[in-house]
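Structure record follows, encoded as structure tokens.
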Amino acid sequence: MDLSILITPAGMDAIQRRIQELMNERPEVIEAVAIAREFGDLSENAEYKAARERQRQIDGEIDHLRRRASRLKVIDPTGIPKDKVRFGSVCHTRDLHSGEEIVFQVVGVDELNYFADEEIQPVSVLSPIGKALLGRQAEEVANVQAPIGNRELQILKIS
């Protein structure tokens with residue numbers, strides 16, 4: 001299965017909310033373009049150029065999010081067994097080198113920018129940490145080989 005297309009229901013909701021925010025902002029930007037156009041010479045009109053650039057950014061992001069959302073597969077982690085770390089799992093870990101306890105949730109690539117829970121660190125299913133955690137059980141140690149260095153994360157609890 002292509003793990004890059006997976007997303008949790010919360011992640012899909014966040015993407016849909018972002019699309020709606022952009023759709024709500026768009027009329028204001030279109031009005032700003034129209035007002036700036038009235039200022040005259042468009043070749044030297046900074047307000048017009050800024051408003052048009054913002055409109056292009058909004059339209060581009062809406063298009064990107066809609067196309068991507070249409071290809072994503074929503075996986076509800078509530079029905080998935082908690083015996084191993086799987087997509088959507090919340091995983092309580094301890095870094096064996098620093099002793100720090102970190103709570104991760106293995107999520108889809110597309111929801112990292114929209115993750116809302118500040119007590120849980122989202123980790124992509126395709127990242128070195130996500131790959132190391134997947135399939136592990138409680139009390140196992142996941143060896144993470146990341147560009148910033150190797151880490152050993154002991155899994156304390158899976159929820």
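Worth pointing out:
- If you go through segment 114-134 and pick out every residue that is among the β-branched types (Val, Ile, Thr) and touching a Gly at 6+ places or on another chain (Cβ under 9 Å), you end up with 2.
- Search result, residues across segment 122-140 that are exposed (fewer than 15 other Cβ atoms within 10 Å of the Cβ) and either assigned to a strand (DSSP E or B) or acidic (Asp, Glu) (or both): Glu139, Glu140
- Total residues in segment 1-54, condition closer than 21 Å to Asn113 by Cα and either assigned to a loop (DSSP other than H, G, I, E, B) or of a type in the set (Asp, Glu) (or both): 5
- Flag if Lys157 is more than 16 Å from the chain's Cα centre (by Cα), over 24 Å from Gln16 (Cβ atoms), exposed (fewer than 13 other Cβ atoms within 10 Å of the Cβ) and among the basic types (Lys, Arg): yes
- Considering segment 102-113, the residues that are in contact with a Pro (Cβ under 9 Å, 6 or more places away or on another chain) and not in a strand (DSSP E or B) include one that is farthest from His92 (Cα to Cα), namely Glu111.
- Test result for Glu118, loosely packed, with under 12 Cβ neighbours inside 10 Å and either part of a loop (DSSP other than H, G, I, E, B) or outside the structural domain of Met23 (by TED's automatic domain parsing) (or both): yes
- Enumeration of residues in segment 1-53 that are among the polar types (S, T, N, Q) and either surrounded by 11 or more Cβ atoms within 10 Å (Cβ to Cβ) or closer than 30 Å to Thr78 by Cα (or both): Ser4, Thr8, Gln16, Gln20, Asn45
- Hits in segment 55-80 (condition: within 17 Å of Thr8 (Cβ to Cβ), part of a helix (DSSP H, G or I) and aliphatic (A, V, I, L, M)): Leu65, Ala69
- Of the residues in segment 81-88, not one is buried (at least 16 other Cβ atoms within 10 Å of the Cβ), under 30 Å from Val141 (Cα atoms), acidic (Asp, Glu) and at pLDDT 90 or above.
- Qualifying residues in segment 44-90 (those that are under 20 Å from the mean Cα position of the chain (by Cα) and polar (S, T, N, Q)) - the one nearest to Asn24 (Cα to Cα): Gln57
- Residue in segment 45-62 that is under 30 Å from Val123 (Cβ atoms) and free of Cβ contacts under 8 Å to residues at least 24 places away in the same chain present: yes
- Residue among Lys73, Lys82 that is touching a residue at least 24 places away in the same chain (Cβ under 8 Å) and in contact with a Leu (Cβ under 8 Å, 6 or more places away or on another chain): Lys73
The values are calculated or read from the model by the stated rules, or taken from the named source; none is laboratory data. Small disclaimer: the values here were computed from a predicted structure and weren't measured. Counting neighbours? That spans all protein chains shown, and the Cβs are built from the backbone with ideal geometry, glycine included.
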